[in-house]
Amino acid sequence: MKKEIAELVVGRMREETEDVSIYKDYSGRGMYSKTTTGISFEGDIPEFFNLMIRVLIQFDEEDMEIMSEMDDFRFDNLGLGSIIY
């Protein structure tokens, strides 16, 4: 995920919860040591997506243009939390 997208989403999500943060240099399954920016969340994936939907419906046209560059994503369980990248 591009850093710009993570910053936009996390900035908006923090208006509703402090349980979200940017995770720099994450290397997920099958990435073979490559890294990317992710969004970590202190909860499970369904909770994360519920929050993300509430945030996305508030985005304006400029925000959606930034989000249009997010063409693919993955998610992992971090034990006590989750990450989307």
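The values are calculated or read from the model by the stated rules, or taken from the named source; none is laboratory data. Bear in mind the structure is a predicted one, so any value in this text is a computation, not a measurement. Every residue, glycine among them, receives a Cβ derived from its backbone with ideal geometry; neighbour counts consider all protein chains shown.
Just to verify a result, which residue in the range 30-69, among those that are assigned to a loop (DSSP other than H, G, I, E, B) and of a type in the set (A, V, I, L, M), is farthest from the chain's Cα centre (by Cα)?
Per the stated criteria, the residue is M31.
Failed condition for D72, given (1) of a type outside the set (V, I, T); (2) modelled with pLDDT under 90; (3) assigned to a strand (DSSP E or B), with all others met?
(3)
Picking from E61, E65, E47, which residue would you name as being without any contact (Cβ under 8 Å) to a residue 40 or more places away in the chain and either surrounded by 14 or more Cβ atoms within 10 Å (Cβ to Cβ) or polar (S, T, N, Q) (or both)?
Among E61, E65, E47, only E47 is without any contact (Cβ under 8 Å) to a residue 40 or more places away in the chain and either surrounded by 14 or more Cβ atoms within 10 Å (Cβ to Cβ) or polar (S, T, N, Q) (or both).
Within the set of pairs 6+ apart or on separate chains, which have a first residue in the range 12-36 that is among the aliphatic types (A, V, I, L, M), a second that is not in a helix (DSSP H, G or I), and C-beta atoms under 6 Å apart?
Between residues of the range 12-36 that are among the aliphatic types (A, V, I, L, M) and residues that are not in a helix (DSSP H, G or I), the close pairs are M13/V20; V20/F41.
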